[in-house]
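Have a look at the structure below, then the notes.
Since every read-out is calculated from the coordinates, none of them should be taken as a lab result. Everything numeric here is computed off the predicted structure, so don't read it as measured data. Positions of Cβ are generated from backbone atoms using ideal geometry, with glycine treated the same way; all protein chains shown enter the neighbour counts.
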Amino acid sequence: MTIRAITFDFWGTLFQNAHGDQRHRIRLEALIEATGAEESAADKALRDTMAYFLQQHIATQHTLTPHDAVEIVCNMLNATLSSTAAGALARTFADAILPHPPVPIADALEAVRKAAERVPIAIISDTGFSPGANLRILMEREGFSPFFTATTFSDEMGVAKPQLPMFEETARQLGVATNELLHIGDLEPTDIVGAHQAGGQASLFTAVNPRYADTTQANYVLPDWRSFIELLPDLV
């Protein structure tokens, strides 16, 4: 099977989480101000909402947005907000990542650059509290953006990995068939399953999240980006 394009996940693959406590504090203070809730209750509701987002991402591959987060957390607090206040809170939830961003994983930028020298490349990533528009800003800040032909984010697509439209739309933008993709990500149920369902190849990236390393059905397992750079000439 010929690889004519390579796609990358964002979270746990190119970027790893950092400054989560600072983002949580921004969101928590905005939630308290908007609803008048006690801090302990607001904190619990916000953390429970974040856990629910993660559960939906893995278990049902259902994309939730900052607006969903506001609705869910307000329901937990029995709080009612005007549409204007709800919209403002959703924007705060979404934008908290900009002053307190995740950080690139070691050698990720070099891996992206090396891949882009050989084939077109793209992002295929699910989102949550932080929308695709803001993830693009982070990619631009860190020098990733010039190398990518396409960026496909679940909040903009209305579906999430492993659903086929995520891969089909990306392949269309790259000018290849889905079975000509190699997708790299850290999650077996979304990244690996999705790539295989699309007929492509998959590589599990385990540097940040080794959870699936021993059971994966991926075509390749990458313990770090140096190993990918060394493998790349044999791939394309």
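Of note:
- Taking the square roots of 5 times each eigenvalue of the Cα gyration tensor of the range 109-235, largest first, gives ellipsoid semi-axes of 20, 18, 16 Å.
- Isotropically averaged projected area of the range 147-191, using the convex hull of Cα atoms (one quarter of hull area), nm²: 3.4
- Look at the alpha carbon pairs under 8 Å that are at least 6 residues apart: their mean separation over the length of the chain gives a relative contact order of 25 percent.
- Along the range 63-78 the Karplus relation, 6.51 cos²θ - 1.76 cosθ + 1.60 evaluated at θ = phi - 60°, assigns HN-Hα couplings of 7, 10, 10, x, 5, 4, 4, 5, 4, 5, 5, 5, 4, 5, 9, 6 Hz to successive residues, with x for each Gly and Pro.
- Counting DSSP beta bridges with both ends in the chain, the antiparallel % (nearest 5): 10
- GNM top mover of Thr63, Thr149, Thr178 - the chain, alpha-carbon springs below 10 Å: Thr149
- With respect to the chain, whose longest principal axis is taken over its alpha-carbon atoms, helix 39-59 is tilted by about 30°.
- Taking every Cα-Cα distance in the chain and sorting them into 10 Å bins from zero, the calculated P(r) comes out as 8, 32, 34, 17, 8, 1 percent.
- Counted charge near Met76, where neighbours are those whose Cβ lies closer than 15 Å (Asp, Glu -1; Lys, Arg +1): -3
- Per residue, the chain reaches -14500 deg cm²/dmol at 222 nm when only DSSP H runs of four or more residues are counted, each adding -39500 (n - 2.57).
- Placing +1 on the Cβ of every Lys and Arg and -1 on the Cβ of every Asp and Glu, with no other charges, gives the range 20-95 a dipole of roughly 160 debye about its Cα centre.
- The range 1-45: C-alpha gyration tensor shape, a/c 1.5 cut-off, then a/b vs b/c: prolate
- Over the range 168-236: Kirkwood hydrodynamic radius from C-alpha pairwise inverse distances, Å: 12.3
- Among residues other than Ile184 with Cβ under 9 Å from its Cβ, the summed charge is -3 (Lys and Arg +1, Asp and Glu -1).
- Whole-Hz couplings from phi, Karplus 6.51/-1.76/1.60, listed for the range 195-205; x for Gly and Pro: 4, 5, 5, 7, x, x, 9, 9, 10, 8, 9
- Unit charges on C-beta of K, R, D, E only; dipole of the chain, Debye: 280
- Neighbourhood net charge (10 Å Cβ-Cβ; Lys/Arg +1, Asp/Glu -1) for Gly128: -3
- Over the range 20-95: Kirkwood hydrodynamic radius from C-alpha pairwise inverse distances, Å: 12.3
- Which of Pro66, Ser40, Ala85, positive extreme of dipole for the range 20-95 (C-beta unit charges): Pro66
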